[in-house]
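Working notes, structure below.
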Amino acid sequence: MITVALSKGRLLKDFQRFLKEGNLPQYEAALVDPGRNLYTEVGDVRFIFAKGADVPVYVENGIADLGIVGEDTIREQSFDVMKLAKLPFGKCRLSICGLPNLAKGDIRSAATSFVNLAEEHFLKERMDVEVVHLHGSVELAPLLGLTDAIVDIVQTGTTLKANGLVEYEEILPIQARLIANKQSFYTKEAAMYDFIQELGVL
Ligand code: PRP
C-alpha cells in the first residue's frame with residue numbers, strides 16, 4: 001500500500017481532469033466527490049485529502065509516500081522531500097497585482113500569503129516594499145487600503161477582474177509537482193514506480 005497526499009480544492013479538480021483525460025477511471029471515480037471524507041482507497045493506493053500547504057508536511061514525515069502539490073507551496077517553504085516530476089496540470093502563476101492606477105514603481109506595500117517568495121522577489125528587484133502577511137482573500141487589502149498591492153496566485157484572472165484589480169507582473173510560473181518521501185522512495189520503490197507509471201508522468 002502506498003499513500004498519496006492530495007491538495008483539496010482547485011488542484012484536486014485539475015488532477016481529476018488529468019485522470020479522466022489519461023483514461024484512469026478507477027482513480028478518477030474515487031476522487032470525484034470526496035465530500036467530507038479525509039481519505040479513500042483504490043486497490044493498493046490510499047489517497048488522503050489535505051490542505052495544500054500541509055501536503056509536503058505529510059510527505060516529509062513519511063505519513064504519505066507521495067504528494068501532489070503546487071510549486072508555490074514547496075517554493076514558499078523548504079521541505080526535506082524528493083521533488084519528482086513536474087505534472088502537466090495546476091498551471092497558474094504568482095503575480096504582483098493591484099488597482100489599475102498604480103505604477104509598479106509606486107508600490108510601497110503588498111499583502112500576500114507567500115511572504116517568503118514575495119520578499120525574495122522584492123529584494124532581488126531592489127524594491128523597498130513592506131510585505132504584509134494575510135491568510136486569504138488578499139484582494140481585500142488594496143481595495144480597503146491596507147496595502148498598495150498584492151502578491152497572489154492568478155489562474156484564470158477571474159478573481160482579479162471581479163474585484164477591479166489588474167496584474168502588474170508575473171513573478172513565478174507554477175504547476176503541480178509530484179513529491180516523494182525520501183525513505184519511501186527506496187523502501188517502496190516498486191509500488192511507487194507502478195503508480196507513477198500508471199500516471200504516465202515519468
Ligand atoms: C486563489 C488566489 C485567487 C484565485 C485566483 O485562491 O488566491 O484568489 O485563486 O484564481 P483565478 O485567477 O482563476 O480567479 P483559491 O481559490 O485557490 O483559494 P484561497 O484564497 O483559499 O487560496
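Read-outs: derived from the displayed coordinates by stated rules, not from any lab. Here the structure is a predicted model, which is why all the values come from computation and not from measurement. Positions of Cβ are backbone-derived with ideal geometry, glycine not excepted, and every protein chain shown enters the neighbour counts.
Arranged by the count of other C-beta atoms within 10 angstrom, fewest first, what order do 1, 192, 127 take? Intermediate values should be presented prior to the final figure.
Working: 1 10, 192 22, 127 14.
Final ranking by Cβ density, sparse to dense: 1, 127, 192.
So which lysines pass the test for residue 51, namely a Cα distance under 24 Å, with those fewer than 8 places away in the same chain ruled out? Cross-link targets: 8, 13, 20, 83, 86, 91, 182.
Ordered by the number of other Cβ atoms lying within 10 Å of each residue's own Cβ, fewest first, 135, 121 fall into the sequence 135, 121. Under a 10 Å cutoff between Cα atoms, tell me which one of 101, 61, 163 has the largest fluctuation in the Gaussian network model of the chain. Among 101, 61, 163, the largest GNM mean-square fluctuation belongs to 101.
Taking only DSSP H segments of four or more residues, each worth -39500 (n - 2.57), what value at 222 nm results for the chain once the sum is divided by all its residues, to the nearest 500 deg cm²/dmol?
Details: 9 runs with 66 residues, N = 202.
For the chain, the value works out to -8500 deg cm²/dmol.
Within the set of other residues whose C-beta is less than 9 Å from the C-beta of residue 191, count the net charge using Lys and Arg as +1 and Asp and Glu as -1. Working shown, then result.
Details: positive: 188; negative: 44, 65, 189, 194.
After counting each charged neighbour, the total is -3.
Using the Cβ-Cβ distance between residue 137 and residue 86 with R0 = 22 Å, the FRET efficiency computed as 1/(1 + (r/R0)^6) comes to roughly 0.15. The convex hull defined by the C-alpha atoms of the chain has an orientation-averaged projected area of 11.7 nm².
R0 = 35 Å: FRET efficiency of residue 10 with residue 146, Cβ-based, nearest 0.05?
FRET efficiency, residue 10 to residue 146: 0.90.
Report the net charge of residues surrounding residue 11, where surrounding means a beta-carbon distance below 13 angstrom and charges are Lys +1, Arg +1, Asp -1, Glu -1. Mind showing how you got there, number by number?
Numbers: positive: 8, 10, 13, 17, 51, 91, 177; negative: 14, 54, 71, 72.
Within the 13 Å Cβ shell, the charges total +3.
Listed by chain and number, the aspartates and glutamates placed with their C-alpha closer than 19 angstrom to that of residue 104 are 119, 120, 125, 128, 130, 139, 148, 152, 167, 169, 170; residues fewer than eight positions away on the same chain are left out.
Just to verify a number: FRET efficiency for residue 20 and residue 185, C-beta to C-beta distance, R0 = 30 Å, to 0.05?
Numbers: r = 28 Å, r/R0 = 0.92.
Taking R0 as 30 Å, the efficiency between residue 20 and residue 185 is 0.60.
Sequentially through segment 191-202, phi angles give Karplus couplings (6.51, -1.76, 1.60; θ = phi - 60°) of 5, 5, 5, 4, 5, 5, 5, 4, 5, x, 10, 10 Hz, Gly and Pro residues having no value and appearing as x. Judged by the gyration tensor of its Cα atoms, with axes a ≥ b ≥ c, segment 92-174 is rounded; a/c sits under the 1.5 cut.
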